[in-house]
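Student: Questions regarding the structure given below will be posed in turn.
The values are calculated or read from the model by the stated rules, or taken from the named source; none is laboratory data. Everything numeric in this text was worked out from a predicted model, so none of it was measured. Cβ: placed from backbone, ideal geometry, glycine included. Neighbour counts: every protein chain shown. In case anyone asks, the SASA skips ligands and DNA or RNA and just uses the protein heavy atoms, side chains included. Shrake-Rupley method; radii C 1.70, N 1.55, O 1.52, S 1.80 Å.
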Amino acid sequence: MTPRAVLVGLPGAGKSTIGRRLAKTLDVEMLDTDAAIEARTGRSIADIFATDGEPEFRRIEEEVIREALAEHSGVLSLGGGAVTTPGVRDALAGHTVVFLEITAAEGVRRTSGSTARPLLAGPGRAEKFRELMSQRVPLYRRLATIRVNTNRRNPGAVVRYIVSRLETAAPAGETPPQPVAPTPTAPPTPATLAARQTGGRK
Ligand SMILES: Nc1ncnc2c1ncn2[C@@H]1O[C@H](COP(=O)(O)OP(=O)(O)OP(=O)(O)O)[C@@H](O)[C@H]1O
Ligand SMILES: O=C(O)C1=C[C@@H](O)[C@@H](O)[C@H](O)C1
Ligand SMILES: [Mg+2]
């Protein structure tokens with residue numbers, strides 16, 4: 001079993017919102033690994049960060065993601081920083097990974113109402129967001145098989161775009177069809193000319 005789509009992106013990009021709506025449209029289950037971590041540990045993410053530290057959070061997160069990639073067949077939405085763990089990046093190979101793109105300004109705006117994001121807590125949120133962006137955007141881009149700009153699309157439009165791309169994209173694990181390049185018409189070499197004249201006999 002493999003997820004139909006794995007959503008990645010910065011905090012506020014819409015992984016939870018789009019994940020729920022995409023799952024509903026595709027009529028499949030949605031699994032948010034942040035919620036799965038809280039359910040498994042019986043603790044909030046903020047508490048795990050504060051008490052045990054980020055490395056321990058990333059360890060649990062990788063475990064939960066590896067299991068979900070093997071067992072979940074619906075839509076999977078990952079925590080914003082999951083891709084910083086090399087083991088998570090390895091585990092994502094061959095999956096349909098959707099990168100929800102967002103600008104810093106819109107990301108800061110969308111995350112302003114919540115205090116539940118430890119890495120954006122406290123003053124200087126815009127600066128912290130830009131820092132996360134510069135570290136992570138190259139990783140999201142490298143992993144993505146589908147990219148969607150969510151800045152000027154409402155959630156419904158984001159979901160419609162992803163569904164249309166899922167219909168045309170190659171199944172996870174297969175190389176997408178490459179555009180057919182015109183066959184180059186190189187001038188014949190002396191050897192081919194000779195072969196033509198002799199009908200291929202030497
Ligand atoms: N395409 C969109 N257009 C406008 N607002 C959006 C869009 N997608 C999500 N939002 C809003 O942005 C906020 C953050 O969205 P959401 O919680 O889904 O992000 P997230 O990627 O799951 O964040 P986190 O990484 O912190 O879990 C919510 O208030 C949501 O309604
Ligand atoms: O951006 C991050 O590193 C995080 C994002 C959230 O989804 C949670 O996974 C956690 O707060 C860490
Ligand atoms: Mg979320």
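Student: Quick one: accessible area per residue over the range 5-179, 1.4 Å probe, rounded to a whole number of Å²?
Tutor: That works out to 50 Å² per residue.
Student: Between beta-carbons, use under 12 Å as the cut-off and find the net charge around LEU92, counting Lys and Arg +1, Asp and Glu -1.
Tutor: +1
Student: Measuring from centroid to centroid over Cα atoms, what is the spacing of the range 72-99 and the range 113-145 in Å?
Tutor: 16 Å
Student: Can you give me the relative contact order of the range 5-179 as a percent, contacts being Cα pairs under 8 Å and 6 or more apart?
Tutor: 32 percent.
Student: Using modelled backbone amide H atoms (1.01 Å from N, in-plane), which distant-in-sequence or interchain residues come within less than 5 Å of GLU101's amide H?
Tutor: Under 5 Å from the amide H of GLU101 lie the amide H atoms of VAL148, ASN149, THR150, each far enough along the sequence or on another chain.
Student: Sticking with this structure for a sec: Calculate one ³J(HN,Hα) per residue across the range 32-38 by plugging θ = phi - 60° into the Karplus curve 6.51 cos²θ - 1.76 cosθ + 1.60, and present them in order as whole Hz with x for glycine and proline.
Tutor: 9, 5, 4, 5, 5, 5, 5
Student: Could you tell me the extents of the range 5-179's C-alpha atoms along the three principal axes, largest first, rounded to whole Å?
Tutor: 48, 34, 28
Student: For the ranges 155-167, 99-111, what's the packing order if you count other beta-carbon atoms within 10 Å of each residue, average per peptide, and put the highest first?
Tutor: Ranked by mean Cβ neighbours within 10 Å, highest first: 99-111, 155-167.
Student: For GLU71, project a label point 7 Å along Cα to C-beta. Then give me every residue of the range 45-65 with its amide nitrogen under 18 Å of that point.
Tutor: Once the point is set 7 Å along Cα→Cβ of GLU71, 59-65 turn out to lie under 18 Å by backbone N, inside the range 45-65.
Student: Rank these by accessible area, largest first, 1.4 Å probe: THR2, THR33.
Tutor: Order by accessible area, largest first: THR2, THR33.
Student: Select from GLY42, ILE146, LEU78 the residue farthest towards the positive end of the dipole of the range 5-179; place +1 on Cβ of Lys and Arg, -1 on Cβ of Asp and Glu, and compute about the Cα centre.
Tutor: My answer, from the dipole projection, is ILE146.
Student: While we're here: If you find the alpha carbon centre of the range 149-164 and of the range 20-63, how far apart are they in angstrom?
Tutor: Distance between centres, Cα-based: 24 Å.
Student: Right, another one. What is the gain in length, in nm to one decimal, between GLU63 and MET1 on full extension, counting 0.36 nm per residue of separation less the C-alpha to C-alpha distance?
Tutor: Taking 0.36 nm per residue and subtracting the Cα distance, the gain is 20.6 nm.
Student: Under a 5 Å amide H to amide H cut-off, with H placed in plane at 1.01 Å, what residues pair with SER77 once short-range neighbours are removed?
Tutor: When sequence neighbours closer than 5 places are left aside, the close amide H contacts are LEU7, LEU31, ASP32, THR33.
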